[in-house]
1. Counting only residues that are part of a helix (DSSP H, G or I), in contact with a helix residue (DSSP H, G or I) (Cβ under 6 Å, 6 or more places away or on another chain) and at pLDDT below 90, which one in region 166-182 is nearest to V29 (Cα to Cα)?
2. What is the residue count in region 424-472 for residues that are closer than 23 Å to M498 by Cβ and of a type outside the set (K, R)?
3. Which of (1) farther than 22 Å from T65 by Cβ; (2) open to solvent by 30 Å² or more (accessible area, probe 1.4 Å); (3) in contact with a Pro (Cβ under 9 Å, 6 or more places away or on another chain); (4) touching a residue at least 60 places away in the same chain (Cβ under 8 Å) does P162 not meet, given it meets every other one?
4. Can you tell me which condition L128 does not meet? The list is (1) of a type outside the set (D, E, K, R); (2) crowded, with 23+ Cβ neighbours inside 10 Å; (3) in contact with a Ser or Thr (Cβ under 7 Å, 6 or more places away or on another chain), and all the others hold.
5. Out of all the residues in region 395-408, is one or more touching a Phe, Trp or Tyr at 6+ places or on another chain (Cβ under 7 Å) and open to solvent by less than 40 Å² (accessible area, probe 1.4 Å)?
6. I'd like the full set of residues that are open to solvent by 40 Å² or more (accessible area, probe 1.4 Å), under 30 Å from R374 (Cβ atoms), modelled with pLDDT of 90 or more and part of a helix (DSSP H, G or I), limited to region 424-459.
7. Might you check whether a residue that is open to solvent by less than 20 Å² (accessible area, probe 1.4 Å) and at pLDDT 85 or above occurs anywhere in region 61-79?
8. Report the residue count in region 433-443 for those that are without any contact (Cβ under 8 Å) to a residue 60 or more places away in the chain and of a type in the set (A, V, I, L, M).
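The values are calculated or read from the model by the stated rules, or taken from the named source; none is laboratory data. On a predicted model such as this, the values are computed, not experimentally measured, just so you know. No Cβ is skipped: glycine too gets one built from the backbone with ideal geometry, and neighbour counts run over all protein chains shown. Areas reflect the complete protein model, heavy atoms only, side chains present, ligands, DNA and RNA absent. Shrake-Rupley method; radii C 1.70, N 1.55, O 1.52, S 1.80 Å.
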Amino acid sequence: MFKKLLSVGGWTLVSRLTGFIRDVVIAAVMGVGPVADAFFVAFRIPNHFRAIFGEGAFNNAFLPTYAQVLEREGKARATSFASRITTLMLIIQIALLLVAFFAMPFVVSLLAPGFSGEPAKFDLAVTLTRITFPYLLLITIVTIYSGILNAHDRFAAAAAAPVLLNVSMIVALAAVFLFPNAGYAAAWGVTAAGIFELLLVWISARRIEVSPGLEKPRVDIAMKRFFKVLGPAVIGSAGVQLAIFADTIIASFLPTGAVSSLYYADRLYQLPLGVIGIAAGTVLLPEMSRRIAAGDEASAYAAQNRTMGLTLALAAPFLVAFLVMPDLIMSALFQRGAFDAEAAQRAGAVLAAYGLGLPAAVLIRSAVSSFYARSDTTTPLIASLTAVAVNVLVKILLMNTYGVVGLALGTAIGVWTNLILLFILAYRRGWTAPNRSLAKTCLAIAAGSVLLAAFAWFAPAPLERWTTLLPLWRNETLLGALGLIGALIYGGVLLAGMKVMGVRLARR
């Protein structure tokens with residue numbers, strides 16, 4: 001399982017690194033002005049719908065159903081099921097695309113109502129969203145292929161596909177002189193990326209002869225099971241996206257730059273969340289599904305505990321960095337071109353607020369596997385909607401006092417609410433079983449994190465005396481030195497602590 005996790009995590013890391021390069025380019029070209037705000041709304045809207053109808057809800061319903069059909073009825077029946085789902089999703093997505101194209105002014109006014117007072121920014125957001133919206137259709141089909149590949153233990157292509165989005169946008173921005181402005185260039189890069197991603201997973205599926213075709217949808221046991229699971233999953237995903245919608249809606253009323261500050265901070269927040277949390281969940285779900293289907297629940301819980309321990313161990317250094325030195329991170333990574341010191345400081349405050357929720361955020365995908373592995377999407381729905389209500393309420397209460405930082409604090413409180421509810425509900429049903437090994441791992445992680453935090457707090461001042469002598473790249477060098485030394489300190493303490501307590505993350 002850990003080889004699969006490393007494969008998914010490795011490609012996700014490449015995706016996040018290329019995404020960082022993409023964001024550096026966007027920050028330098030667009031900064032935090034009206035073009036950037038308009039583009040980020042245009043980029044968020046299809047991604048919101050994708051998360052509702054695509055990879056989030058769809059994958060949690062499709063993958064377990066496909067895996068069951070494959071295991072019990074064979075490859076041909078599984079391919080037929082996938083073909084019918086593909087045809088149905090194409091029909092739905094084409095209809096949605098047509099409606100959205102003509103109703104886009106209403107969609108933008110609904111999701112970014114604050115833009116209505118600035119006609120130029122509003123019109124640009126409408127135009128750019130029309131350009132990016134076909135990405136939703138393409139990425140939905142990519143999600144189907146990804147689920148099929150994952151069910152056949154092929155994780156690399158699906159994990160590598162997002163890299164193409166970043167590369168496509170970078171290339172488009174490099175050719176910005178061919179477009180009216182940078183927003184147009186980035187928007188066309190998004191849509192082109194959807195085509196490239198679809199080609200990648202299609203070729204991978206063809207190689208192992210599991211590529212679905214087009215087949216008239218018909219209802220059978222598998223389809224009924226799929227839709228029974230899909231309904232609550234869609235509602236749950238919609239709830240999460242409503243919380244993100246709330247960010248965009250509220251931020252659109254705040255001063256120009258709020259939407260952009262949220263975006264840049266969220267991109268760094270998504271680095272550990274994607275590389276660690278989502279990668280862990282992607283591998284753990286089929287693993288637990290197979291073990292539970294085979295009646296080996298003890299092994300399923302053991303796999304979950306190992307995954308959660310590894311997830312926390314890898315995420316803890318990010319938590320420390322986000323809380324102790326967010327301004328330095330933002331300055332070193334983004335402060336150049338149109339992205340000035342004030343923008344870095346504002347985005348750094350948002351990053352610190354997001355960081356408070358990072359441990360819960362990276363564990364949610366592992367926790368929710370207890371339910372999805374049993375095709376229970378209703379319980380995570382209840383937990384998710386409850387957390388969303390808390391999330392939005394906190395945002396409303398804090399926005400006037402803390403501005404854009406209050407939105408990130410609402411997100412942090414919301415994810416903790418979600419995780420706590422999931423754990424309580426799973427534990428009461430006997431669907432999760434934390435053991436002493438996981439508790440010992442957490443103690444070792446805590447010890448390493450405390451020492452790392454002390455180093456990150458006291459070390460910058462003496463190191464900065466050396467980096468100020470450099471003619472260029474002062475902040476970048478300081479951040480790199482802190483990261484390298486900090487990784488050695490944290491890794492050494494963590495490994496020593498686990499050895500003393502006799503803990504191994506890898507399965508014996």
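1. Filtering first and then ranking leaves A182.
2. Counting residues in region 424-472 that are closer than 23 Å to M498 by Cβ and of a type outside the set (K, R) gives 23.
3. P162 satisfies every listed condition except (3).
4. (3)
5. Within region 395-408 (the criterion being touching a Phe, Trp or Tyr at 6+ places or on another chain (Cβ under 7 Å) and open to solvent by less than 40 Å² (accessible area, probe 1.4 Å)), the answer is yes, since at least one residue qualifies.
6. I424, L425, Y427, R428, R429, A439, K440, C442 - these are the residues of region 424-459 that are open to solvent by 40 Å² or more (accessible area, probe 1.4 Å), under 30 Å from R374 (Cβ atoms), modelled with pLDDT of 90 or more and part of a helix (DSSP H, G or I).
7. Our first condition is that a residue be open to solvent by less than 20 Å² (accessible area, probe 1.4 Å); within region 61-79, this holds for 61-66, 69, 78.
Among the residues that remain, those that are also at pLDDT 85 or above are: 78.
The answer is yes, given that some residue of region 61-79 is open to solvent by less than 20 Å² (accessible area, probe 1.4 Å) and at pLDDT 85 or above.
8. If we filter region 433-443 for residues that are without any contact (Cβ under 8 Å) to a residue 60 or more places away in the chain, which is where we start, we get 436, 439, 443.
With of a type in the set (A, V, I, L, M) added as a condition, the list becomes 439, 443.
Matching residues across region 433-443 total 2.
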